[in-house]
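The values are calculated or read from the model by the stated rules, or taken from the named source; none is laboratory data. Every value quoted in this text rests on a predicted model; they were computed, and no experiment measured them. Every residue, glycine as well, gets a Cβ built from its backbone with ideal geometry; the counts of neighbours run over all protein chains shown.
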Amino acid sequence: MKLIFSVGFILLLISCNNEQKSMTLKEKFDKIENITGVANWRMIDDTDTSYIYFSRIDDKINVYHFHIKQGDSVNTKLNSINSYNDSVYWNWNNKRWYLLSANDSVMEWADPQLNENSPYRITKADSSHISYQLPDGHFIILTKTLPLSSFLVRTKYDYEHGTDLANKDTLFHPHKK
């Protein structure tokens, strides 16, 4: 009798340990925000430079993708990361990916229309860099820029005055008297 009880108790413990706790939507969005932040990122892919700005409001993240031309943002596309039932989806440039997994430094997204098993993998390398790996193995590095408003003002200033302040990592601060 003790043996049956012991085996049953061990099986119960094993099944409890194997049962993964499902993250709530808030926890999923917190994991995504831990990687992307509410921040602006420069994405250089071969000769194309564009920018991605993540802005979270509750259980939705607006993802603005834009280019800079003559000091102004152009070709801006509003994408989003949002939820449906208990799943999280990223609507990106007329594609829809779903969140496979996320932790504090890596998130993986799958495209249900691809037959490949490789996900889109986004990894936080450090506080200023994110690596973005496509299913075909292509890597893109994203570098954090200034906060969006400062970045856009400096970009316009750079264009008009021939400077390169938008790519500097310091902020203007008033001098203390």
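Could you tell me which of the residues D72, D104, D86 is within 16 Å of the chain's Cα centre (by Cα) and acidic (D, E)? Spell out the reasoning first.
On the way: D72 fails: within 16 Å of the chain's Cα centre (by Cα); D86 fails: within 16 Å of the chain's Cα centre (by Cα).
It is D104.
Hey, among the residues in region 69-112 that are assigned to a loop (DSSP other than H, G, I, E, B) and touching a Lys or Arg at 6+ places or on another chain (Cβ under 8 Å), which one's nearest to P135 (Cα to Cα)? Explain how you work it out, then say what you get.
Of the residues in region 69-112, the ones assigned to a loop (DSSP other than H, G, I, E, B) are 70-71, 85-86, 93-94, 103-105, 111-112.
Now drop any that are not touching a Lys or Arg at 6+ places or on another chain (Cβ under 8 Å), which leaves 71, 93, 103-105, 111-112.
On the way: G71: 33, N93: 16, N103: 19, D104: 21, S105: 18, D111: 9, P112: 12 Å.
Looking at the filtered set, the residue picked out is D111.
Cβ-Cβ below 9 Å, separation at least six or inter-chain, first residue in region 122-144 and touching a residue at least 60 places away in the same chain (Cβ under 8 Å), second in a loop (DSSP other than H, G, I, E, B) and among the acidic types (D, E): which pairs?
Cβ pairs passing all conditions: K124/D104; K144/D169.
Just checking, which of N82, N94, N103, N62 is among the polar types (S, T, N, Q) and farther than 22 Å from D30 by Cβ? Please lay out each step first, then the result.
Numbers: N82 fails: farther than 22 Å from D30 by Cβ; N103 fails: farther than 22 Å from D30 by Cβ; N62 fails: farther than 22 Å from D30 by Cβ.
Sole residue among the options that is among the polar types (S, T, N, Q) and farther than 22 Å from D30 by Cβ: N94.
Return the residues of region 69-126 that are touching a His at 6+ places or on another chain (Cβ under 8 Å) and among the β-branched types (V, I, T); say none if nothing qualifies.
Those that are touching a His at 6+ places or on another chain (Cβ under 8 Å) and among the β-branched types (V, I, T): V74, T76.
Would you confirm whether or not region 40-52 contains a residue that is under 12 Å from the mean Cα position of the chain (by Cα), in contact (Cβ under 8 Å) with a residue 24 or more places away in the chain and either more than 22 Å from S105 (Cβ to Cβ) or part of a helix (DSSP H, G or I) (or both)?
Scanning region 40-52 turns up no residue that is under 12 Å from the mean Cα position of the chain (by Cα), in contact (Cβ under 8 Å) with a residue 24 or more places away in the chain and either more than 22 Å from S105 (Cβ to Cβ) or part of a helix (DSSP H, G or I) (or both).
Every residue in region 117-167 that is under 20 Å from the mean Cα position of the chain (by Cα), in a loop (DSSP other than H, G, I, E, B) and not hydroxyl-bearing (S, T, Y), please.
P119, L134, P135, D136, G137, H138, L146, P147
Select from region 127-157 the residues that are among the β-branched types (V, I, T) and modelled with pLDDT of 90 or more and write down the one among them that is nearest to G71 (Cα to Cα). Working first, answer last.
Just the residues of region 127-157 that are among the β-branched types (V, I, T), to begin with: 130, 140-141, 143, 145, 153, 155.
From what's left, modelled with pLDDT of 90 or more: 130, 140-141, 143, 145.
Values: I130: 25, I140: 24, I141: 23, T143: 19, T145: 15 Å.
Taking the candidates together, the pick is T145.
Considering only region 120-157, how many residues are among the charged types (D, E, K, R), buried (at least 16 other Cβ atoms within 10 Å of the Cβ) and under 15 Å from E108 (Cα atoms)?
Residues that pass the stated criteria total 2.
With surrounded by 15 or more Cβ atoms within 10 Å (Cβ to Cβ) and either part of a strand (DSSP E or B) or of a type outside the set (A, V, I, L, M) (or both) as the only criterion, which of E33, E27 stands out?
E33
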